[in-house]
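A quick write-up on the structure given underneath.
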Amino acid sequence: MTPVDTTEVGKGGAGRRDTGTRTWRARVRRPIRAASRPGPWKRGLVLAVLALLLGLFMLLHAKIPNRIGNLGSLVETFLPWFGLFVPVLSAGALWRRSASAVVALLLPVMVWLNLFGGLLGDKSRPGGDLTVAGHNVDADNPDPAGVARDLAASGADVLALVELTAQTRGTYEKGLAKAYPYHTVQGTVGLWSKLPLSDIRPVDIRMDHGPLGDTKPVDTRMAYNRALRSTVATDQGPLAVYVAHLGSVRVNPRTGFWTAQRDRGAQALGTAIAAEQNERVVLLGDLNGTMGDRAFAGITSQLRSAQDVAGDGFGFSWPARFPVVRIDQILVRGVEPESSWVLPATGSDHLPVAARISW
């Protein structure tokens, strides 16, 4: 008679019981885990908060104070680029499958479109009575003769140049003489025209202010004068044209966004335009700032941007190699912009800008 191995049988039974227990526990844990796992509305809450903060930041940009390093003006200069955070946050929301983050992203998207959506399409129209153009030619441009040829070929009726130097002035006068029989140069800014010019005078934009500046002779100050005013005789009547090159801005750790000289100039230029008797005005030049910057409120309250009204896109003009802001402006009053565009590079660190206007 063969003995029965009861030990093995016992072990097999215990194994089956253990397997059954584990299976039962797994079935219980599965719904518990599913119930405890955060749903699409609970996932990505950090992303949702960041999206809301981005939207509020753009919506309330005008409330950002300028008391500390002109932070408000700095933000407003580059405000369109904050929209790049939207696709970054969108990618994170999709990766996390977060419904809350996706919904929260609606705020920055709507704010950005409200601020800049109008610049995305082409608003230009055919026609126009007069073509105006402006260019910061760059004092260190290695080929001023080539710049003159390119600008003469642009077809502009009125051409404003800034950052002229004593060394390059003659080159531009010679290169533009055939296309533009009328011109004036006041310090470092000049105006060339196919139509007669009159009532030409410099405009004081307070580049050299204070007791020391007031003691300097007029001839000394005129050498670096950076704004002028002239009347252009058109078939539709007189047109007041201002050319300006406002002070430069700097970003550094000590002062933040330094704009004191530019802001003084913008205020003085706004005052001069407010006193202008001619109802038809065009302002051309390098204003070293975007028209969304609060520092230009005194100008933008009187003049409209040709690019905003009749341009295609943002019309960024600086730096020429990879433009990120439009600081070269064409602003108008009493005339209608029909089109506005950026001209090809000339070797300057700025791109030329042009517009067609009508009466």
**Complete:** Within segment 236-265, residues closer than 15 Å to Q329 by Cβ and either β-branched (V, I, T) or in contact (Cβ under 8 Å) with a residue 60 or more places away in the chain (or both) come out as V241, V243, A244, H245, V249, G265
**Message:** Residue under question is D328, and the condition is that it be open to solvent by less than 20 Å² (accessible area, probe 1.4 Å), among the charged types (D, E, K, R) and either under 11 Å from the mean Cα position of the chain (by Cα) or at pLDDT 95 or above (or both); does it hold?
**Reply:** yes
**Asked** In the list T131, T165, T77, which residue meets the criterion of being surrounded by fewer than 18 Cβ atoms within 10 Å (Cβ to Cβ), touching a residue at least 24 places away in the same chain (Cβ under 8 Å) and β-branched (V, I, T)?
**Response** T165
**Asked** Scanning for something of a type in the set (A, V, I, L, M, F, W, C) and free of Cβ contacts under 8 Å to residues at least 40 places away in the same chain, does segment 300-313 turn up at least one residue?
**Response** yes
**Request:** Report whether or not A297 is assigned to a loop (DSSP other than H, G, I, E, B) and open to solvent by 30 Å² or more (accessible area, probe 1.4 Å).
**Result:** no
**Item:** Pair list, Cβ < 9 Å and 6+ apart or interchain, from segment 174-193 residues that are free of Cβ contacts under 8 Å to residues at least 24 places away in the same chain to residues that are part of a strand (DSSP E or B) and open to solvent by 30 Å² or more (accessible area, probe 1.4 Å)
**Value:** A177/H183; Y182/L197; H183/L197
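Quick check on segment 123-138. Is at least one of its residues assigned to a loop (DSSP other than H, G, I, E, B) and closer than 26 Å to L79 by Cβ? First the steps, then the outcome.
Going through segment 123-138, the residues assigned to a loop (DSSP other than H, G, I, E, B) turn out to be 123-129, 137-138.
Filter again for closer than 26 Å to L79 by Cβ, leaving 123-124.
Checking segment 123-138: at least one residue is assigned to a loop (DSSP other than H, G, I, E, B) and closer than 26 Å to L79 by Cβ.
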**Request:** Report, by residue number, each residue of segment 188-222 that is hydrophobic (A, V, I, L, M, F, W, C), modelled with pLDDT under 95 and not in a loop (DSSP other than H, G, I, E, B).
**Result:** L212, V218, M222
**Asked** Quick one: would you say A156 is open to solvent by less than 30 Å² (accessible area, probe 1.4 Å), part of a loop (DSSP other than H, G, I, E, B) and at pLDDT 95 or above?
**Response** yes
**Message:** Among the residues that make up segment 104-122, is at least one of them out of contact with any Ser or Thr (no Cβ under 8 Å at 6 or more places or on another chain), open to solvent by less than 80 Å² (accessible area, probe 1.4 Å), outside any helix (DSSP H, G or I) and at pLDDT 95 or above?
**Reply:** no
**Asked** Under the condition of being without any contact (Cβ under 8 Å) to a residue 60 or more places away in the chain and more than 17 Å from N225 (Cα to Cα), which residue from segment 134-153 is most open to solvent (accessible area, probe 1.4 Å)?
**Response** R149
**Request:** Residue by residue through segment 255-285, note down the ones that are touching a helix residue (DSSP H, G or I) at 6+ places or on another chain (Cβ under 8 Å), of a type in the set (K, R) and assigned to a loop (DSSP other than H, G, I, E, B).
**Result:** none
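I'd like the residue in segment 169-183 that is among the charged types (D, E, K, R) and part of a helix (DSSP H, G or I) and, out of all such residues, is most open to solvent (accessible area, probe 1.4 Å).
K174
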**Message:** With the structure loaded, tell me whether L269 is in contact with a Lys or Arg (Cβ under 6 Å, 6 or more places away or on another chain) and more than 25 Å from R149 (Cα to Cα) or whether it fails that test.
**Reply:** no
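Each row is one residue, and each column tells you yes or no for (1) surrounded by fewer than 24 Cβ atoms within 10 Å (Cβ to Cβ); (2) under 11 Å from Y242 (Cβ atoms); (3) in contact with a Gly (Cβ under 7 Å, 6 or more places away or on another chain).
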| site | (1), (2), (3) |
| --- | --- |
| A272 | yes, yes, no |
| E279 | yes, no, yes |
| V282 | no, yes, no |
| T290 | yes, no, no |
| S301 | yes, no, no |
| Q307 | no, no, yes |
| D312 | yes, no, no |
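The values are calculated or read from the model by the stated rules, or taken from the named source; none is laboratory data. Because the structure is a prediction, the values reported are computed rather than measured. In this analysis, Cβ positions are derived from the backbone assuming ideal geometry, glycine residues included, and neighbour counts consider all displayed protein chains. Please note that ligands, DNA and RNA were not included when accessible areas were found on the heavy atoms of the full protein model with its side chains. Shrake-Rupley method; radii C 1.70, N 1.55, O 1.52, S 1.80 Å.
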